[in-house]
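Everything below concerns the one structure shown next.
The values are calculated or read from the model by the stated rules, or taken from the named source; none is laboratory data. Remember, it's a predicted structure, so these values are computed and weren't measured experimentally. Backbone-built Cβ (ideal geometry, glycine too); neighbour counts: all protein chains shown. Just the protein is used for accessible areas: all its heavy atoms, side chains included, with ligands, DNA and RNA removed. Shrake-Rupley method; radii C 1.70, N 1.55, O 1.52, S 1.80 Å.
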Amino acid sequence: MTDTASRATRVVAASGRRRRHLGGGPRAGTIVAFLTPFFLPFVLFYLVPIGYAIWQSFRVVRRTGGQYGTSYTTFGGFHQYVQVFHNTEFWSSIERIGLFGVVQVPVMLFVALIMALLLDSPLLRLRSFFRIAAFMPYAVPGVIAAIMWSFLYSPQLSPVVEVLKDVGLTPNFLGPGAVLWSTANVSTWLWTGYNMLILFSALQSIPQELYEAARLDGASNWAIAWRIKVPIIAPSIILTTVFSIIGTLQLYAEPAVLRQISSNISSTYTPNMLAYAVASGNNYQQAAAISVVIAVVTFVLSFGFMRLTTRRAGL
Amino acid sequence: MSNPSTARESRVGRTAAMSLMFLLAIYFLLPIYFLIVAATKPQSDLASTFGLAFSHFDLFHNLHTLFSRDGGIYGRWAVNSVIYAVLGAAVGTFISALCGYALAKFPFRGREFLFSVILGGVLVPTTALALPLFLLFSKTGIVNTYFAVFLPSIVSPFGVYLARIFTAAAVPDELLESARLDGAGEFRTFFSVALRLMSPSLVTIFLFQFVAIWNNFFLPMVMLQKESLFPITLGLYEWNGQTARAPLLQESVITGSLVSILPVIVVFILLQRFWRTGLASGALK
């Protein structure tokens, strides 16, 4: 607030009489004209739906005169939320996504970190080839990635299954135990390169002089990587983790595609699939409550993780 | 440096690093390679020949089948994807640039508050918005039209965030002041001075938004019932769901997937440097 005010006075002072005549900075109308093209759709398509979902999640459908009477909605307090928390399908979707996230996010980010460190080290040749190869999946939409992988999982078509059979293994990528990890693999394939590039960009912005002293002391590349580089890019690692947590909670397209070839994925497999299934059954109030819960859990987890890690790192 | 044990260590390290990276590169490229091979095969060879080896070259026949299936609906989907993703990202980048520029260069009351609202928007899961948007849109009759997907897609809080940092870094105040002293209005100044200086970063913002729209599957799925309005992703998803009943569709799903991702991959590789600037500033947050 004071910052804005002091800057405003500075601008007024700097630009002298003409500016004072205009009343400091561009006229309010001009500023509004710059902001409105973004803020109008932002309010309409971001803020209003959020408000609407929250409002709806506190409504219930009632009927006048028995089961076949006309329906109307009315205030229902926390009824929808109570329903959500009593829904076993909700809890199993949360449990599934939790297991998925606890395994997939660290594995993916670990691989991304190793790749970024190797690309930043003097050990590699063909750097741009590796960078492009890893980043290429980012150009592929989740649906198409899942379609591609579903061919590689399919017992009839997959060359991977064929090779594994030749060495005496009988994998079933779509079985009840495996299908969650087959889904996790699609996410890992899609996002490792993207995360790698964020971490790599952070590594590239570290000034080289920082390593020179360590090198003179005889530190190995390995020691430089883990003792110097990783701690410096910790904020980027935290950022990628938060983005990955958000992504995991939103999982929809990949399991929805794999569901087309595997009976081991139910229509309520992830929280988002559950919300969609509930909405398809015309229970919009319940679906709104599920959406709100997903959004709140996302916020709490990402902020919680940020707080926890920044405090521990003493930042 | 001349120490022989260090030299051996670094040779071992080099080999290990290269092997690991090659394995990972194979992992990332394998599905795309498989798709290329499969798109060149006749449907009958898909199950009967080894998936990673070329057999009878039937790509052109597959392309013909793809583009003539269901009265050429695939071409329609491709056009729709371009409308949603290219046009949507272009409009989105423009409004993000206007807003980010104003937030960076105009001092006004409540500026930081507006900016933190936008930053909060970055964290909102867009899938959580799709269902309430559907209900709101169905009241206004926008559901099942181009606008149902297009309008929400142009909003990118992340784009505004990037536009603000990029403007602050690339557009010097002195230049704006001198344009103003020359009598240029704020919009003139923006279009003739600022926009030109911001243009490399606008490419970055465009790319990020393009990918976000191009990847967004949930929104079109919720909004659209009419097949003629589908983007490619939703169309292929529908086809893929029918392959159990119509196995001949499989080849078109494969060829259609390849046709849809190849141009994007090529553009990505050509515009690589713009990704790095964007990802670096995202990471510096």
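Residues B:54, B:106: which one is open to solvent by less than 70 Å² (accessible area, probe 1.4 Å) and of a type in the set (Phe, Trp, Tyr)? Result: B:106 is the single residue among B:54, B:106 that is open to solvent by less than 70 Å² (accessible area, probe 1.4 Å) and of a type in the set (Phe, Trp, Tyr). Of the set (1) at pLDDT 95 or above; (2) closer than 19 Å to residue B:258 by Cα; (3) of a type outside the set (Val, Ile, Thr), all apply to residue B:94 but (2).
Look through A:114, A:147 and report the one residue that is open to solvent by 30 Å² or more (accessible area, probe 1.4 Å) and β-branched (Val, Ile, Thr). Break it down into steps so the answer makes sense when it comes.
Details: A:147 fails: open to solvent by 30 Å² or more (accessible area, probe 1.4 Å).
The conditions single out A:114.
Selection over segment B:102-143 of residues that are facing chain A (nearest Cβ under 7 Å) and either polar (S, T, N, Q) or within 21 Å of the chain's Cα centre (by Cα) (or both) gives a count of 7.
For every residue, the table says whether it meets (1) modelled with pLDDT under 95; (2) more than 21 Å from residue A:271 (Cβ to Cβ); (3) surrounded by fewer than 13 Cβ atoms within 10 Å (Cβ to Cβ); (4) more than 25 Å from the chain's Cα centre (by Cα).
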| site | (1), (2), (3), (4) |
| --- | --- |
| A:62 | yes, yes, yes, yes |
| A:71 | yes, yes, yes, yes |
| A:83 | yes, no, no, yes |
| A:99 | no, no, no, no |
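Only helices (runs of 4 or more DSSP H) wholly contained in segment A:173-287 count here; list those with 2 or more residues that are at pLDDT 90 or above. Write out each step before concluding.
Working: elements: A:179-204, A:209-216, A:234-249, A:253-259, A:271-280.
It comes to A:179-204, A:234-249, A:253-259, A:271-280.
Tell me, yes or no, whether segment B:193-204 has at least one residue that is within 12 Å of another protein chain (Cβ to nearest Cβ), open to solvent by less than 40 Å² (accessible area, probe 1.4 Å) and free of Cβ contacts under 8 Å to residues at least 24 places away in the same chain. There is no residue in segment B:193-204 that is within 12 Å of another protein chain (Cβ to nearest Cβ), open to solvent by less than 40 Å² (accessible area, probe 1.4 Å) and free of Cβ contacts under 8 Å to residues at least 24 places away in the same chain. In segment B:173-189 there is at least one residue that is open to solvent by 20 Å² or more (accessible area, probe 1.4 Å) and of a type in the set (Ser, Thr, Tyr). Annotation note: of B:12, B:37, B:86, the sole residue that is open to solvent by 30 Å² or more (accessible area, probe 1.4 Å), under 31 Å from the mean Cα position of the chain (by Cα) and among the β-branched types (Val, Ile, Thr) is B:86.
Of the residues screened, residue B:255 is one that is modelled with pLDDT of 95 or more, buried (at least 21 other Cβ atoms within 10 Å of the Cβ), more than 7 Å from every other protein chain (Cβ to nearest Cβ) and in a helix (DSSP H, G or I).
Condition check ((1) over 22 Å from the mean Cα position of the chain (by Cα); (2) open to solvent by less than 40 Å² (accessible area, probe 1.4 Å); (3) within 26 Å of residue B:36 (Cβ to Cβ); (4) assigned by TED's automatic domain parsing to the domain that holds residue A:271) across all residues:
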position	(1), (2), (3), (4)
A:165	yes, no, yes, yes
A:173	yes, no, yes, yes
A:186	no, yes, yes, yes
A:200	no, yes, no, yes
A:206	yes, yes, no, yes
A:215	yes, no, no, yes
A:219	yes, yes, no, yes
A:233	no, yes, no, yes
A:240	no, yes, no, yes
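Pairs are defined by a Cβ separation below 6 Å, a sequence spacing of at least 6 or placement on different chains, a first member in segment B:258-270 that is at the interface with chain A (Cβ under 7 Å from one of its Cβ atoms) and modelled with pLDDT under 90, and a second member that is open to solvent by 20 Å² or more (accessible area, probe 1.4 Å) and in a helix (DSSP H, G or I); the pairs so defined are B:269/A:132.
Please go through segment A:284-305 and give me each residue that is in contact with a Leu (Cβ under 8 Å, 6 or more places away or on another chain) and open to solvent by less than 60 Å² (accessible area, probe 1.4 Å), ordered by number. Before you say what the answer is, go through the steps one by one.
Quick first cut of segment A:284-305, residues in contact with a Leu (Cβ under 8 Å, 6 or more places away or on another chain) only: A:284, A:287-288, A:290-291, A:294, A:297-299, A:301-302.
Matches in segment A:284-305: A:287, A:288, A:290, A:291, A:294, A:297, A:298, A:302.
With within 24 Å of residue A:190 (Cα to Cα), out of contact with any Phe, Trp or Tyr (no Cβ under 6 Å at 6 or more places or on another chain) and modelled with pLDDT under 95 as the only criterion, which of B:191, B:134, B:217 stands out?
On the way: B:191 fails: within 24 Å of residue A:190 (Cα to Cα); B:134 fails: within 24 Å of residue A:190 (Cα to Cα).
Testing whether each residue is within 24 Å of residue A:190 (Cα to Cα), out of contact with any Phe, Trp or Tyr (no Cβ under 6 Å at 6 or more places or on another chain) and modelled with pLDDT under 95 leaves just B:217.
Restricting to segment A:23-38, count the residues that are facing chain B (nearest Cβ under 7 Å), of a type outside the set (Ser, Thr, Tyr) and assigned to a helix (DSSP H, G or I).
In the first step, residues of segment A:23-38 are kept if they are facing chain B (nearest Cβ under 7 Å); the result is A:25-26, A:30-31, A:34-35, A:37-38.
This time we only want the ones that are of a type outside the set (Ser, Thr, Tyr), so: A:25-26, A:31, A:34-35, A:37-38.
From what's left, assigned to a helix (DSSP H, G or I): A:31, A:34-35, A:37-38.
The qualifying residues number 5.
Count of segment B:21-50 residues, restricted to those that are within 8 Å of another protein chain (Cβ to nearest Cβ) and either touching a Leu at 6+ places or on another chain (Cβ under 7 Å) or basic (Lys, Arg) (or both), is 7.
Counting the residues of segment A:120-141 that are open to solvent by 10 Å² or more (accessible area, probe 1.4 Å) and within 21 Å of the chain's Cα centre (by Cα) gives 3.
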